[in-house]
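Following: one structure in structure tokens, then a few remarks.
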Amino acid sequence: MDDSGFIVPPPGLIPSRPEPTPSPDAPRVPDRRPGPPAPADREPAPGRPLPAFTPPPGPGGPVVPARPVWRLRLPGDRTLPVTRPLLLGRNPSTAAAPAGAADAELIALDDPASTVSKTHAALLPDGDALTVIDLHSTNGVTIAGVRIPAGEPVPVAPGSELLLGDLRVRAERS
């Protein structure tokens with residue numbers, strides 16, 4: 001039989017099928033297998049144990065965390081590196097996340113005036129670029145004095161000041 005295109009497991013991995021029990025009236029056929037016959041009451045001998053599987057590292061070696069290209073300056077002189085999508089708001093939730101931001105980091109902003117929505121905006125890094133999306137917030141997102149359309153991805157220039165409601169956030173290159 002040609003085994004090309006089939007995966008053949010190593011010996012002992014799959015137990016052998018039990019021999020069919022011949023009927024008492026059937027003629028006895030001599031066993032022509034090499035070696036001594038195995039007793040019928042004994043289980044087949046297990047093969048050698050398989051080595052533990054260790055998944056290979058990603059292309060080029062172990063996974064290295066992304067080096068941030070962008071950082072946010074938040075109120076109170078907090079600095080936040082942008083290494084993956086972010087959802088900003090008073091109490092952000094991934095339920096409002098746009099496509100491509102389901103695994104976004106949730107960043108809660110302290111807004112005593114309550115002008116920031118629960119999930120106000122998404123920031124999406126893509127290589128050297130940064131995009132902001134207003135997630136249909138009540139008070140909108142403004143960049144350089146221009147209110148951006150809700151739901152539309154808008155590129156952010158380095159050094160831009162984002163106004164989320166009345167809260168100021170600066171996007172800087174690292």
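The values are calculated or read from the model by the stated rules, or taken from the named source; none is laboratory data. What you see is a predicted model; the values in this text were computed from it and never measured. FYI the Cβ positions are ideal-geometry reconstructions off the backbone, even for glycines, and counts take in every protein chain you see. These accessible areas exclude ligands, DNA and RNA; they are computed on the full protein's heavy atoms, side chains included. Shrake-Rupley method; radii C 1.70, N 1.55, O 1.52, S 1.80 Å.
For the residue pair residue 170 and residue 91, what label-to-label distance in nm results when each label sits 7 Å from Cα along the Cα-to-beta-carbon direction?
About 3.1 nm, to one decimal.
Just to verify a number: what accessible area does residue 16 come out at with the full protein assembly present, 1.4 Å probe, Å² rounded to tens?
80
Can you tell me how much longer the chain between residue 150 and residue 16 gets when fully stretched, taken as 0.36 nm per residue apart minus their C-alpha distance, in nm with one decimal?
Stretched fully, the residue 150-residue 16 segment lengthens by 41.8 nm.
Which sequence of 172, 152 reflects their accessible areas, 1.4 Å probe, from the largest down?
152, 172
What fraction, in whole percent, of alpha-carbon pairs in the stretch 81-168 exceed 22 Å separation?
15
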